[in-house]
1. What is the range B:265-356's relative contact order, in percent, from Cα pairs under 8 angstrom and six or more apart in sequence?
2. Using a 10 Å cut-off around each Cβ of peptide A:254-261, what is the average number of partner chain Cβ atoms that fall inside?
3. Taking 25 °C and 0.890 mPa s as the conditions, I'd like the Stokes-Einstein D for the range B:177-262 in µm²/s, using the Kirkwood hydrodynamic radius from alpha carbon pairs.
4. May I ask you to list the GluC sites (Glu not before Pro) in the range B:326-379 that are in a DSSP loop and have at most 11 other Cβ atoms within 10 Å of their Cβ?
5. Indicate, rounded to the nearest 5 percent, the antiparallel portion of the DSSP beta bridges found entirely in chain B.
6. For the range B:64-282, what's the radius of gyration and Dmax over Cα atoms, in angstrom?
7. What are the radius of gyration and Dmax of the range B:265-393, computed over its Cα atoms and given in Å?
8. Are there any GluC sites (Glu not before Pro) in the range B:17-123 that are in a DSSP loop and have at most 16 other Cβ atoms within 10 Å? List them by number.
Protein chains: 2
Amino acid sequence: MQPFFAQRFEKVEPSFIREILKVATRPEIISFAGGLPNPHLFPVKEIEEACQAVLQEQGAAALQYATTEGFAPLRHYIAGRYLSRHGMEIDPDNILITSGSQQALDLLGKVLVDEGQDLIIEEPGYLGAIQAFSVYQPEFRPITLGEEGLDLAALDALLASGTSARILYGVPNFQNPSGVSYSAANRIAVAERLVRHDLLMVEDDPYGELRFEGEPLDPIAKLAPDNTVLLGSFSKTVVPAFRLGWMVVPTWLRKKVTIAKQATDLHSNAFSQQVLHRFLTTHSLDAHLEKIKAVYGRQRAAMEAALARHCPPGVRWTRPEGGMFLWLTLPESVCAMELFDLAIEEKVAFVPGAPFYVRPEIKNTLRLSFSCVDEAAIEEGVQRLARALRKVL
Amino acid sequence: MQPFFAQRFEKVEPSFIREILKVATRPEIISFAGGLPNPHLFPVKEIEEACQAVLQEQGAAALQYATTEGFAPLRHYIAGRYLSRHGMEIDPDNILITSGSQQALDLLGKVLVDEGQDLIIEEPGYLGAIQAFSVYQPEFRPITLGEEGLDLAALDALLASGTSARILYGVPNFQNPSGVSYSAANRIAVAERLVRHDLLMVEDDPYGELRFEGEPLDPIAKLAPDNTVLLGSFSKTVVPAFRLGWMVVPTWLRKKVTIAKQATDLHSNAFSQQVLHRFLTTHSLDAHLEKIKAVYGRQRAAMEAALARHCPPGVRWTRPEGGMFLWLTLPESVCAMELFDLAIEEKVAFVPGAPFYVRPEIKNTLRLSFSCVDEAAIEEGVQRLARALRKVL
């Protein structure tokens, strides 16, 4: 038949990152391109035991349809962790389990975003959020993300300009792609703007538990709870395959987001929610996180040291205190897409920065992931990258 | 802050079915209201073994992020089953694993449905589809579903009227809520209209494997593959908690649906996909289905017999050859919502028909589910229902 598409999907094309990641999986290539957590740190045996315990204790009940909001004990566990880590008192009724935090972005787009409406996003911004929100056709308004957080002068200028924005999307901890975090002062300043301008922040926090350096900072949601939807994920802390994340929503948003979730998939995998809850309540998540942070911290240090040793002058990089990513800024004359082809010749891969911008003009940045590459491979990979860089610098 | 919602969500309110189902779970009530598969038939032990085998054999790889399209061996298994059951040759590349078939409806709404565009749906129609598509704001055009299938005269009249519809949504096997199926002749006639009018049918088939009587019929997708998206689900045949279904899409639709899926949740639970595949390839699904069909067939027969024995005159019901539901039509003067309150007094529950209509005027129908109620409770429950009916007839 004659193909047809909804207007919102007529122009959508696959992300070129998918093609890049295909190249990056060739065995001879050292890849800093992926965004995967390190599988050597997955609690495989513990998950196996949890599967067994849930099925032996709950039987068929563990495999039946379940509530849209999610497994109540898991929602209580999440609320408890916000209390112990940040002193935040969150009603478990305001926590909704989602199929990864990616689904939370889709649900928020459905319920909150009108076509043509301004939507404020960090620059560079998380690609998954750009993709999820794009379906609902907002006008993205990028605000530069710097070493201290959002550019407040630019934010104030935008807010003074009569923008139609009601939503600000950001990743205040160890952002993907840049690795940078909002400082404590920046968080306070952002929260103050949310309240003053009646803005809702979508505070996406998949990496907050992965701080291997410095002092933990409270979420912006603690400062402006009614103006924040706080997203979390078990993909980076326990296992990604379960696709389990959550959203903490203000009470005014709870009912409609739940309806949207029900219309989208009825509920998230209920068996995995119970298995995850079993794992979390029979093991120490903190002890497990210590192992992940030790490895990622060592690998981040190795990457920094190698960049300092091998990179030609004119290249700058961020110094993340947690998470999985580090961000390179090249001289403005250099196009990271062209560097990518040279890097593949040298058998090293990264993600060029272009897809993380909603404006196409910025080309001289790239993302390196240190989560899945051991220290020896990091040293070798950075040497290869430096050889490619020298060809363009 | 001041609540705000996207225009598409401003008027959305929770379905009253949720409230009904809460009442129906009170222990003294015999409930024909649920839409759940019978948990006594879940393969609990087999799933436990499959979890163990997957984790012991695949280790951490079973818990990592995975491809958007789904676990390739599971997609091959599904293709193989269409070949053996229906002689349909389907490229596994055209099969996309979804988070239940509910998610397939959401993805199709995203990619295909424009605001204000006509969308043809059975009357009565599946509530989950009405909810999923409603987000994308089509104009629903209902076509009566009768004992033989779609009302072809009404369909032809609509198609001749200059409708903007590109999509026809239907459940040709043991429909939810009515339990009726399209006859072989009706399927051929519908397929012919799809091709002639360049329509796409969303052929939703969660119950097709649950035929306990009569001869299996081929999907409409076999007759008009390029004009059909065929949806399937493991929720009614294996376990619902995994939220695993699939869609068979024509090649022209594959790329954009995959992008939509990626933006929505990256991929469906990859561990459960592997566990399910392990179960399906180490056990006989057919032997498992025989057990389900034997129970549901007996319970359907018990319900019919009890209705014939106890119902006052003027009440008609469908005679499903499979699935989980049976549909009562009351005299036009009777409102099923009022009957519901009387039925709860008698300690029996059902779902009033109203939410299954996109036009509000039809009030004299109701749905009974026989999947989870044993024969003795069916006899007692129908007696109670008949007592409530006698108060209004």
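1. After rounding, I find 15 percent.
2. On the way: counts 0, 3, 8, 1, 2, 9, 7, 0.
Whole-number average of other-chain Cβ neighbours for A:254-261 is 4.
3. 172 µm²/s
4. Here the sparse-neighbourhood loop sites are B:332, B:361.
5. Antiparallel bridges: around 55 percent, rounded to the nearest 5.
6. Expressed in Å, the Cα Rg and Dmax of the range B:64-282 come to 16.5, 52.
7. 18.4, 54
8. Values: sites: B:19, B:28, B:46, B:48, B:49, B:57, B:69, B:89, B:115, B:122; in loops: B:28, B:69, B:89, B:115.
Within the range B:17-123, the qualifying GluC sites (Glu not before Pro) (loop, at most 16 other Cβ atoms within 10 Å) are B:28, B:89, B:115.
All of the numbers you see were taken from the coordinates with simple rules; none came from a lab. These numbers were taken from a predicted model, which means no experiment stands behind them. Heads up, the Cβs are rebuilt from the backbone with ideal geometry, glycines too, and the neighbour counts pull from every protein chain shown.
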